[in-house]
Every structure is written in C-alpha cells, then in structure tokens.
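Engineer: Right, I'll just put the structure down here and ask away after.
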Amino acid sequence: MNRIKNYSFFQTFWLVILRMLVGWHFLYEGVSKMLNHGWSAYPYLMDSGGFMAEFFRSIAANPVMLTVVNYINIYGLTLVGLGLILGCFASMASVGGILFLAMYYLSHPPFIGADYLMPTEGSYLWIDKNLIEAAVLFVLICFPTSRIIGFDRYIFRKKIKDK
C-alpha cells in the first residue's frame, strides 16, 4: 500500500480525473435509462452478433430474464458510476464496470463482417470503446486513487494504517 503515497501530484490528478470521467459515463448511462421509463435492453439484445448472439437473444426472449437484465443495467451502471465518482469501493465498482463492458463487447463484437441494425459511432476492428474503457478500469484498479481522494480513504483507513 505504500505505493499509493508515491504518486506525483500530476499522476494523482489525472488518474482521479480519469476515474471521474469514466464514472460520469457509467452514471449517465444508468440514470438516462432510469429516467426513460420505456427503456429496455430488448432491441440491443436482439441485435446481438458473434458467437454469443443466441445467448443474448434468449435473454431478450424471456420476459423474466429481460426484466432482471433491465434492472441490473439501470441500477448497476448507476452504482458503478457513483462508486467511481465518489471513490467509494472504487475497485469493486471498476470490476463491475469491466463485467458490464465485457457483456456489451461480447454482445456486439467489432469483428470483420459484423453488421448491426443499431448504429455505431464509428468503424471498429476488434477494438472498440467498450474494450478501451475496460482497459482504463484495469488501470484504475492498479492505481487506486480512491484511497487518496475519495471515500475509500476513510473506509480503508484502518487497513492502511495497520500495514
């Protein structure tokens, strides 16, 4: 844990900014789904491609599973975002975010010949924004700035002092 105190001001500043930017993205995605009462993951799941397409489509076809997935998306994205922004259980929030991004990546993999009905933001080949954001979350796990600037500083205070 000593390495936490060895970050320069600029390293700490930009890692915290990075954590908050990614957190904002997750929070916004969750809250926008929460406020859109007609939102459902159904179209996204039905548009799935790749080797796991049938799995995602089976979730969409099952009303109970779809309801569960909708709630997990809405509240999970919101909690991941809040955890990252506030620096509260940020490592757990990062792992949760990685799991979300992995599912999104597997649902719509950016492979050659992949054609989706839902519009994308660009042309990707193997690497898309989901994979990049997951890599950022891995960096944030490796450099836990929430223990410097965030609620984790207070939550894990005793554990850090003991070491």
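Engineer: Under the Karplus relation 6.51 cos²θ - 1.76 cosθ + 1.60, θ = phi - 60°, what is the ordered set of whole-Hz ³J(HN,Hα) values for the range 68-81, x standing for Gly and Pro?
Structural biologist: Ordered by residue, 3J(HN,Hα) equals 4, 4, 4, 5, 4, 4, 4, 7, x, 4, 5, 5, 4, x Hz.
Engineer: Pick out, from TRP126, PRO110, GLY96, the residue whose Cα sits farthest towards the positive end of the charge dipole of the chain, with +1 on the Cβ of Lys and Arg and -1 on the Cβ of Asp and Glu.
Structural biologist: GLY96
Engineer: Counting only helical runs of four or more DSSP H residues, what would the 222 nm mean residue ellipticity of the chain come to if each run contributes -39,500 (n - 2.57) and the total is spread over all its residues? Don't jump to the answer; show the numbers that get you there.
Structural biologist: Numbers: 8 runs with 107 residues, N = 163.
Rounded to the nearest 500, it is -21000 deg cm²/dmol.
Engineer: Can you tell which of ASN130, ASN70, ASN36 shows the greatest fluctuation in a Gaussian network model of the chain with Cα springs below 10 Å?
Structural biologist: Of ASN130, ASN70, ASN36, the most mobile in the Gaussian network model is ASN36.
Engineer: What's the angle, to the nearest 10 degrees (0 to 90), between helix 129-142's Cα axis and the longest principal axis of the chain?
Structural biologist: 20 degrees
Engineer: May I pose another question? Scan (1) 1.10; (2) 0.93; (3) 1.04 for the value of Rg/Rh (Cα atoms, Kirkwood Rh) calculated from this model and give just the label.
Structural biologist: Structure-derived value, by its label: (3).
Engineer: Expressed as an acute angle from 0 to 90° and rounded to the nearest 10, what is the orientation of the C-alpha long axis of helix 90-107 relative to the principal long axis of the chain?
Structural biologist: 20 degrees
Engineer: Would you work out the charge dipole size for the chain about its Cα centre, treating the Cβ of every Lys and Arg as +1 and the Cβ of every Asp and Glu as -1, and quote it to the nearest 20 debye? Before the final figure, lay out the partial values.
Structural biologist: On the way: 13 positive and 9 negative charges, 245 e Å.
With only Lys, Arg, Asp and Glu charged at Cβ, the dipole is about 1180 debye.
Engineer: Further question on the same structure: What ranking do LYS33, LYS129 get, fewest neighbouring Cβ atoms within 10 angstrom at the top? Can you show the working numbers first?
Structural biologist: Details: LYS33 19, LYS129 16.
So the residues, fewest neighbours to most, are LYS129, LYS33.
Engineer: Which one, TYR28, PRO63, SER48, is farthest towards the positive end of the dipole of the chain when Lys and Arg carry +1 and Asp and Glu -1 on their Cβ?
Structural biologist: About the Cα centre, the residue reaching furthest to the positive side is TYR28.
Where a number appears in this text, it was derived from the coordinates with a stated rule and is not lab data. For clarity, every value in this text was computed on a predicted model and none was experimentally measured. All Cβ positions, even for glycine, are placed from backbone atoms using ideal geometry, and neighbour counts span all protein chains on display.
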